[in-house]
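Peer 1: Right, I'll just put the structure down here and ask away after.
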Amino acid sequence: MIWIQVRKPEEIRFANPVADWFKTLPGGMQIFDFDNYSDGFIVDKAIELAANCRKLVILLDADEEETGQVTRFLTRISRNKDLKVLAFLNGKNEMIKKMAKVIAGNRYYYEPDPGMQKEIINDFLNEFKN
């Protein structure tokens with residue numbers, strides 16, 4: 001799971017109930033997070049992690065217009081046609097919304113509640129077990 005925040009610096013959060021729950025799942029689940037103020041090295045690490053995945057859950061909190069390195073990350077993972085992506089977007093950033101829809105296709109969800117996210121994530125992980 002990669003949790004990305006596109007927010008003003010004072011609005012950056014350090015906890016997310018879905019990300020916290022994800023850590024408790026069996027099977028070596030990893031979580032990586034960054035924001036629109038992260039430097040290129042951090043984003044390169046996220047790109048590297050995504051390149052080594054078969055499945056990727058992306059949580060996007062995107063209210064701010066200044067996307068920083070986030071669009072570079074989304075562009076890079078969109079090129080990996082073997083990667084199965086599940087994306088959740090909370091926020092009103094139209095560019096991020098369009099990119100998430102392209103990357104995740106029918107596995108894109110806009111502003112679902114945390115309980116629904118957990119169900120969808122479980123289904124997604126079980127759908128692609130083999």
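The values are calculated or read from the model by the stated rules, or taken from the named source; none is laboratory data. Just so it is clear, the structure is predicted and the values come from calculations on it, not from any experiment. Neighbour counts are summed over all protein chains in view; Cβ atoms, including those assigned to glycine, are modelled from backbone coordinates with ideal geometry. Side chains included, ligands, DNA and RNA excluded: accessible areas come from the protein's heavy atoms. Shrake-Rupley method; radii C 1.70, N 1.55, O 1.52, S 1.80 Å.
Peer 1: Give the lysines reachable from LYS118 as a straight Cα distance under 25 Å; neighbours fewer than 8 places away on the same chain don't count.
Peer 2: LYS23, LYS55, LYS81, LYS84, LYS92, LYS97, LYS98, LYS101, LYS129
Peer 1: Sort 24-31, 108-115, 90-97 by the packing proxy (mean of other Cβ within 10 Å over each peptide's residues), most packed first.
Peer 2: 90-97, 108-115, 24-31
Peer 1: How big is the accessible area of ARG76 in square angstrom, nearest 10, if you roll a 1.4 angstrom probe over the protein chains?
Peer 2: 110
Peer 1: Kindly rank 38-46, 67-75 from highest to lowest mean number of other beta carbons found within 10 Å of each residue.
Peer 2: Highest mean packing first, the order is 67-75, 38-46.
Peer 1: With angles folded into 0 to 90 degrees, how steeply does helix 40-51 sit against the dominant principal axis of the chain? Use alpha carbons for both and round to 10.
Peer 2: The two axes meet at around 20 degrees.
Peer 1: Run lengths n ≥ 4 of DSSP H only: what is the helix-derived mean residue ellipticity at 222 nm for the chain, with -39500 (n - 2.57) per run over all residues, to the nearest 500?
Peer 2: Value at 222 nm, helices only: -12000 deg cm²/dmol.
Peer 1: Also, quick follow-up: Do any GluC sites (Glu not before Pro) in the stretch 38-79 lie in a DSSP loop with no more than 11 other beta carbon atoms within 10 Å, and if so, which?
Peer 2: Listed in order of number, the matching sites are GLU66.
Peer 1: Same structure again: In degrees between 0 and 90, to the nearest 10, how far off the longest principal axis of the chain does helix 94-104 point, with axes built from Cα atoms?
Peer 2: 20
Peer 1: OK, next. In the stretch 12-130, what percent of the accessible surface is made up of carbon and sulfur (1.4 Å probe, ligands and nucleic acids excluded)?
Peer 2: That fraction is 50 percent.
Peer 1: Further, regarding this structure: Suppose all protein chains stay in the model; what accessible area per residue would a 1.4 Å probe give for the stretch 48-130, in Å²?
Peer 2: 55
Peer 1: Grab the Cα-Cα distance for GLU94 and SER78, subtract it from 0.36 nm times how many residues apart they are, and report the gain in nm with one decimal.
Peer 2: Roughly 4.1 nm would be gained on extension.
Peer 1: I would also like to ask the following. Counting only C-alpha contacts under 8 Å and six or more residues apart, can you give the relative contact order of the chain as a whole percent?
Peer 2: 26
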